[in-house]
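The values are calculated or read from the model by the stated rules, or taken from the named source; none is laboratory data. Just so we're clear, the structure is a prediction, and the values are computed from it rather than from any experiment. Cβ placement follows ideal geometry from the backbone for every residue including glycine, while neighbour counts extend to all protein chains displayed. Just so you know, the surface numbers come from the protein's heavy atoms only, side chains and all, with ligands and any DNA or RNA stripped out. Shrake-Rupley method; radii C 1.70, N 1.55, O 1.52, S 1.80 Å.
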Amino acid sequence: FPILLLARISWMNESFKTAYGLGAASANAALELKRKGLQYPRLEKTGIAIHHLWMAAFSCGFGKFGIAKSLGIYFTATCSCGLLLALVFGLGHNGMATYDAVSRPDFWKLQVTTTRNIIGSTFIPQAFVNWFCGGLQLQVEHHLFPMVPRHHLPKVHELVVSFCKEWDVSYHEASLWEGTKEVVSHLAKVSDEFIVEMIEEFPAM
């Protein structure tokens, strides 16, 4: 989890490079960018510039703070945001089904079975989940219909659940607590499997 504190720094770096034509995160991303380009290139550049200017001004207290305090505020805001975003992303994906190229199902089943929705529970109300996840609590619907505004996703959710029941497609929802337990359990399993493989391949260890 601590490494997630740096996640947003990486995302901001890639966003800046992509918007200003300075590179892409991977070869595939570069090909996709070359093929499609940015939908609103000027708006992307303007939005990113405004964000960084605002963060710089806010972090330095509009000129009132020293360098150390300004950097402290900037990295506290950036790293905490990265951690919270990464937690939401992880809850939506980690520990769900994965497929190789041969067994990969159709688009619909792929999106539904590889993502997890987050719901409220007795101690964590749905209103908090909606606020904390910012619309990504309906991760399945977001993946199926990425262009649908988040305030319409609850309506889409009802249709998707009905469709999955009709066609017997697995649809998974979990509370924040249960979802986190599932993610941690999955990561522990992956870690254990890695250690076993490492010991088997290097018996001297």
- Item | Inter-residue pairs, beta-carbon under 7 Å, first open to solvent by less than 100 Å² (accessible area, probe 1.4 Å) and in the range 154-166, second not in a helix (DSSP H, G or I) and not aliphatic (A, V, I, L, M), 6+ apart | Val156/Phe145; Val161/Tyr171; Cys164/Tyr171
- Note on the structure: Filtering the range 1-52 down to residues that are under 27 Å from Val183 (Cα atoms), at pLDDT 80 or above and β-branched (Val, Ile, Thr) yields Ile9
- Matching residues in the range 60-104 - criterion: being closer than 30 Å to Asn130 by Cα and exposed (fewer than 13 other Cβ atoms within 10 Å of the Cβ): Thr76, Ser80, Thr98, Tyr99
- Message: Taking the condition of being open to solvent by less than 60 Å² (accessible area, probe 1.4 Å), over 23 Å from Leu6 (Cβ atoms) and aliphatic (A, V, I, L, M), how many residues in the range 35-56 meet it?
- Response: 1
- Item | Residues being assigned to a helix (DSSP H, G or I) and surrounded by 13 or more Cβ atoms within 10 Å (Cβ to Cβ) - total across the range 18-31 | 4
- Query: Which one is farthest from Leu84 (Cα to Cα), of the residues in the range 95-147 that are in a loop (DSSP other than H, G, I, E, B) and touching a Lys or Arg at 6+ places or on another chain (Cβ under 9 Å)?
  - Reply: Met96
- If you go through the range 32-88 one residue at a time, how many are more than 20 Å from the chain's Cα centre (by Cα), assigned to a helix (DSSP H, G or I) and over 18 Å from Ser15 (Cβ atoms)? 11
- For residues that are more than 20 Å from Val169 (Cβ to Cβ) and of a type in the set (Val, Ile, Thr), tally how many sit in the range 103-132. 3
